[in-house]
Amino acid sequence: MAVEVVPGIQQLKVPLPMAFLPYVLVYVIKGADGYTLIDSGWATDDSWNALIEQLHELGIDIKDVAHVIATHIHPDHYGLAGRIRDASGCEVVLHEKEHWMGGGGTSTPEEMAEQSRRWLHRHGTPAATIQEMVRASTPARGWQAPPEPDTRLKGGERLKIGPYTLEVTWTPGHTAGHICLVEHEANFMMTGDHVLPTITPNVSIYGDQQGDPLKDFLDSMDKLKPMGIQRGLAAHEHVIEDLPARLDELKEHHANRLNEMFTAIRNGAETTYDIAAGILWGPGSFHKFGGWQQRAAMAETLAHLVYARNRGLLKEEERLGVMVYTLAGER
Ligand SMILES: [Zn+2]
Ligand SMILES: [Zn+2]
């Protein structure tokens, strides 16, 4: 059931094939040349049918869609973009830094499994559990190489859609090319997965990923804060009514997470696996997680460890092919 969250902007709930994330919120705006969808849904028939049905309730045929703008490349946001383009001939729009994990959409599930195996070993996963974690992590549900977008954004563009002008704001961190779409006059922004109402957006380092995504994520928070925008049209859960407060909460959350990890290290944990196992997780105990969730927890932990290492708070060294972390100045 569509909800008009801002005059002229409809919010659709498109179901996803995961229990922990039941739907993605797709925003629909009528423009001069047709409708624009912000995000799309997973590449499943369930997502597709729900999208078509909710558009119909609004009197919109899929052929009337002129643009799909994805806030980022994750399959819950970008998954249906290709199918919508096939049905409507619409333009598919994505930031220029968004690429499929493992390199430009070329990695097969087998290559991804091998990379995963190496990564898990390097970060201290016990040999006995690596196989199970790899099995649980690949292939991703409904795996397929995502379609190429028609248009790549850099950030800074001002998109005129109906009565609104959305400023494309590059907010890397959750992914390398995540964008928020900011309406300064009307005082709202589409926040994608960069800011969510109660869920902490996942910030991770996987595989051979380089860089410091947690630093990027926190810098992106700092980029949004001075804009003083009140409402966030998030891509999951519901609309954020006090965006500045939520930005503060998220920054504090990551500072707290770092401190929890330092405590785990003080208690003897040294590898990403042991540190991830030594801290508390919202959904429950690390050791009760399935393989996919354990790997996600490790990737999130590693993003924090790399951030702390780059700031001189942790020392990182390689011991027999495994990366170990110690508190700088304490040993
Ligand atoms: Zn995402
Ligand atoms: Zn998402």
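The values are calculated or read from the model by the stated rules, or taken from the named source; none is laboratory data. For clarity, every value in this text was computed on a predicted model and none was experimentally measured. No Cβ is skipped: glycine too gets one built from the backbone with ideal geometry, and neighbour counts run over all protein chains shown.
Could we say that Gly82 is under 18 Å from Glu148 (Cα atoms) and more than 16 Å from ligand 1 (Cβ to nearest atom) here? Answer is yes for this residue. For segment 228-241, the set of residues classified as within 24 Å of Leu37 (Cα to Cα) and either more than 15 Å from ligand 2 (Cβ to nearest atom) or part of a strand (DSSP E or B) (or both) consists of Ile229, Gln230, Arg231, Gly232, Leu233, Ala234, Val239, Ile240, Glu241, listed by residue number. Candidates are the residues of segment 149-180 that are without any contact (Cβ under 8 Å) to a residue 40 or more places away in the chain and of a type outside the set (A, V, I, L, M, F, W, C); the one that is nearest to Thr200 (Cα to Cα) is Glu167. Being surrounded by fewer than 23 Cβ atoms within 10 Å (Cβ to Cβ), touching a strand residue (DSSP E or B) at 6+ places or on another chain (Cβ under 7 Å) and among the β-branched types (Val, Ile, Thr) is the filter here; which residues of segment 58-83 pass it? Of everything in segment 58-83, just one residue is surrounded by fewer than 23 Cβ atoms within 10 Å (Cβ to Cβ), touching a strand residue (DSSP E or B) at 6+ places or on another chain (Cβ under 7 Å) and among the β-branched types (Val, Ile, Thr), namely Ile60.
In segment 30-49, is there at least one residue being free of Cβ contacts under 8 Å to residues at least 24 places away in the same chain and of a type outside the set (S, T, N, Q)? Yes - at least one qualifying residue is present in segment 30-49. Checked against (1) of a type in the set (Phe, Trp, Tyr); (2) touching a strand residue (DSSP E or B) at 6+ places or on another chain (Cβ under 9 Å); (3) touching a residue at least 24 places away in the same chain (Cβ under 8 Å), Phe217 passes all but condition (2).
With respect to the conditions (1) surrounded by fewer than 23 Cβ atoms within 10 Å (Cβ to Cβ); (2) out of contact with any Pro (no Cβ under 9 Å at 6 or more places or on another chain); (3) touching a residue at least 12 places away in the same chain (Cβ under 8 Å), Tyr23 falls short on a single one, namely (2). Are any of the residues in segment 144-167 more than 15 Å from ligand 1 (Cβ to nearest atom), modelled with pLDDT under 95 and either charged (D, E, K, R) or in contact with a helix residue (DSSP H, G or I) (Cβ under 8 Å, 6 or more places away or on another chain) (or both)? The answer is yes; a qualifying residue exists. Scanning segment 181-225 for residues that are of a type in the set (Asp, Glu) and either on the phi > 0 side of the Ramachandran plot or assigned to a strand (DSSP E or B) (or both) yields a count of 1. Selection of segment 198-218 for residues being surrounded by fewer than 16 Cβ atoms within 10 Å (Cβ to Cβ) and within 16 Å of ligand 1 (Cβ to nearest atom) yields Thr198, Ile199, Thr200.
Of note, Ala43 satisfies the criterion of being more than 22 Å from Met1 (Cβ to Cβ) and within 15 Å of ligand 1 (Cβ to nearest atom).
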